[in-house]
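A.B. asks: Just dropping this structure here.
The values are calculated or read from the model by the stated rules, or taken from the named source; none is laboratory data. Computed from a predicted structure; not experimentally measured. Methodologically, a virtual Cβ is constructed for each residue, glycine included, from the backbone with ideal geometry; neighbour enumeration extends over all protein chains shown. Remember, those area values only see protein heavy atoms, side chains included, never the ligands or the DNA or RNA. Shrake-Rupley method; radii C 1.70, N 1.55, O 1.52, S 1.80 Å.
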Amino acid sequence: METWLHWVDLAGVAVFAVAGTLMAYKKHMDGFGVVVLASVTAIGGGTLRDMILDLPVFWVQDPSFFYVIILAAFSTIIWLRSKDTFPLRYLFFADAIGLAFFNVMGLQKALTYGASPLVAIALGTMTGVFGGLIRDVICREIPMVLKGELYATACILGGASYILSTILGLSTVSCMIIGFCTTLTCRLCAMKWHWHLPVFNPHGSVKDE
């Protein structure tokens, strides 16, 4: 089981590294910028999660995560060099997959180390969104988590489906698949149909008194 989870974690790191590389390409960064952006996107959320859980940071214990980041970034650069235009939709799609991967892995790890279901959902959400938040801040973009379609909410819904699956007695693997699919589906549907949580009246205005 641990080996399987490790490979899933590596897959999530690879996908988020691709998303970071795509953003670096969009911002016309040099090679060092690509590596930095791919790395913070891929390991930022997991680092925050492990620090909150007071655990050894995962990439410090296992350097294979950095090998995966470099391989994913290098492969993405080669692929992008064959393109005439920047495929922005691929950035959003890679980010959505990485979000779902890390949401489930963060939640699973939190539960493994004794967190309550509510705290586990929160940590899963943090794991999913924090790397992308750092990436967007570095690139001077409004973070995806703070604008537009459902983002953190997709993680919360995916986490809730995971917890519900455990209550129903499903296996860990089944719970992870359900949580992953729920998160990814919510995010992709939100992107396609522009689902969001309105708070302020979009037609309102603020006047100085």
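A.B. asks: Based on the mean of other beta carbon atoms within 10 Å per residue, what is the order of 3-15, 55-67, most packed first?
C.D. replies: Values: 3-15: 18.2, 55-67: 14.2.
My ranking of the peptides, most packed first, is 3-15, 55-67.
A.B. asks: OK, next. How high is the relative contact order of the chain, given as a whole-number percent (alpha carbon pairs under 8 Å, six or more residues apart)? Intermediate values should be presented prior to the final figure.
C.D. replies: Numbers: 291 pairs, mean separation 44.2, N = 209.
21 percent.
A.B. asks: So, for the chain, what is the accessible surface per residue at a probe of 1.4 Å, expressed in square angstrom?
C.D. replies: Per residue, the chain has an accessible area of 54 Å².
A.B. asks: Let me ask you something else. Please label the shape of segment 57-133 as rounded, prolate or oblate, based on the square roots a ≥ b ≥ c of the eigenvalues of the alpha-carbon gyration tensor (a/c under 1.5 means rounded; beyond that, a/b larger than b/c means prolate, else oblate). List each step's numbers first, then the result.
C.D. replies: Numbers: a/c = 4.09, a/b = 1.79, b/c = 2.29.
Oblate, since a/c reaches 1.5 and b/c is not below a/b.
A.B. asks: Cα gyration tensor of the chain, axes a ≥ b ≥ c as square roots of the eigenvalues: rounded (a/c below 1.5), prolate (a/b > b/c) or oblate?
C.D. replies: Values: a/c = 1.66, a/b = 1.07, b/c = 1.55.
Because a/c hits 1.5 or more and a/b fails to exceed b/c, the chain counts as oblate.
A.B. asks: Quick check on segment 63-106: take the gyration tensor over C-alpha atoms, sort the square-rooted eigenvalues as a ≥ b ≥ c, and tell me if it's rounded (a/c under 1.5), prolate or oblate. If you can, show how the numbers build up before the last one.
C.D. replies: Working: a/c = 5.37, a/b = 1.31, b/c = 4.11.
Taking the square roots of the gyration eigenvalues as a ≥ b ≥ c, segment 63-106 is oblate.
A.B. asks: Counting each DSSP H run of 4 or more residues in the chain as -39500 (n - 2.57), what helix-only mean residue ellipticity at 222 nm follows after dividing by all residues, to the nearest 500 deg cm²/dmol? Before the final figure, lay out the partial values.
C.D. replies: On the way: 8 runs with 153 residues, N = 209.
Result for the chain, helices only: -25000 deg cm²/dmol.
A.B. asks: Please enumerate, by chain and number, the lysines with C-alpha under 28 Å from the C-alpha of LYS192, excluding those fewer than 8 residues away in the same chain.
C.D. replies: LYS26, LYS27, LYS83, LYS147
A.B. asks: Quick one: Cα centre-to-centre distance for segment 94-142 and segment 1-22, in angstrom?
C.D. replies: That distance is 13 Å.
A.B. asks: Counting Lys and Arg as +1 and Asp and Glu as -1, each charge on the Cβ, what is the dipole of segment 1-114 about the Cα centre in debye, to the nearest 20?
C.D. replies: 420 debye
A.B. asks: In addition: List every DSSP H helix in the chain whose Cα atoms extend 27 Å or more along the helix's own long axis and whose mean Kyte-Doolittle hydropathy is at least -0.5. Can you show the working numbers first?
C.D. replies: Details: long enough: 2-26 (36 Å, 0.90); 31-52 (31 Å, 1.34); 88-112 (36 Å, 1.05); 117-138 (32 Å, 1.51); 172-193 (31 Å, 1.18).
Span-like helices in the chain: 2-26, 31-52, 88-112, 117-138, 172-193.
A.B. asks: Roughly how many nanometres apart are two label points built 7 Å out from the Cα toward the Cβ at TRP193 and PHE86?
C.D. replies: In this crude spin-label approximation the distance works out to 3.0 nm.
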